[in-house]
1. Does Lys86 satisfy being modelled with pLDDT under 90, surrounded by fewer than 18 Cβ atoms within 10 Å (Cβ to Cβ) and out of contact with any Cys (no Cβ under 9 Å at 6 or more places or on another chain)?
2. Restricting attention to the stretch 25-53, and to residues there that are touching a residue at least 24 places away in the same chain (Cβ under 8 Å) and either basic (Lys, Arg) or not in a helix (DSSP H, G or I) (or both), which single residue is farthest from Ile184 (Cα to Cα)?
3. Among the residues of the stretch 163-194, count how many are buried (at least 16 other Cβ atoms within 10 Å of the Cβ) and of a type in the set (D, E, K, R).
4. Quick one: in the stretch 57-104, of everything that is in contact with a helix residue (DSSP H, G or I) (Cβ under 6 Å, 6 or more places away or on another chain) and free of Cβ contacts under 8 Å to residues at least 24 places away in the same chain, which residue is nearest to Phe33 (Cα to Cα)?
5. Of the conditions (1) more than 30 Å from Glu20 (Cα to Cα); (2) modelled with pLDDT of 95 or more, Ile46 fails just one. Which one is it?
6. Of (1) more than 19 Å from Gly45 (Cα to Cα); (2) crowded, with 22+ Cβ neighbours inside 10 Å; (3) not acidic (Asp, Glu), Trp159 satisfies all except one. Which?
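The values are calculated or read from the model by the stated rules, or taken from the named source; none is laboratory data. Since the model is a prediction, treat every value here as computed from it, not as a measurement. Cβ: placed from backbone, ideal geometry, glycine included. Neighbour counts: every protein chain shown.
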Amino acid sequence: MIDFLFSQYKGYPTHQIVLEIIAILFGLASVLFAKKNNILVYPTGIVSTIIFVYLLYKWSLIGDMLINGYYATMSIYGWVLWSQKKDDIIEYPISIMDKRDIIKAVVIFFITVLFVVFIYKFFNKFTDWTAYVDTFTTGIFFVGMWLMAKRKIENWILWIIGDIISIPLYFYKGYTFTSLQYFIFTIIAIYAFKEWKKSLAKTI
């Protein structure tokens, strides 16, 4: 069983395996902070995404690298938004998407997908079915990250969808630790959605 799960790591440099584990731990911490609506979601997330940008570059996973590069950038953006207060009142509390948010989300999704398609074609990465799935999950995760920065509760729905798809995807690619991370992410995201929903109900 152990050999089935982790045989993909044979021949991997030890430092890359250690870095992947560290990135996963910071990633898990980030999602737990997000679940608690705690601003520490961002500094912990930045550490995780920067490490993954390096690893994914080494693994030649361009689409995934772009996702994590975007995460790092949006983490800074989200950190700024979550820090904003007016008369000690948070300017961006947990809320529900309105029509303008939905339109922006759809636009971000399609622009992201088109951008990834362009990048994949440029680097000739459409050589496996996983590349096509990557374009879809990248769009989902880009929108999810943007919605989290805006503290929109629907961000968790997108995380759940993207995480579920990523579990078998990363295992197939040979990154068992990252696959397990997305499995845990899915569970946390489900509970986080419920927790944010309760918090939102108190303010209505």
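1. yes
2. This residue is Ile39.
3. 2
4. Restricting to residues being in contact with a helix residue (DSSP H, G or I) (Cβ under 6 Å, 6 or more places away or on another chain) and free of Cβ contacts under 8 Å to residues at least 24 places away in the same chain, the top hit is Asn68.
5. (1)
6. (1)
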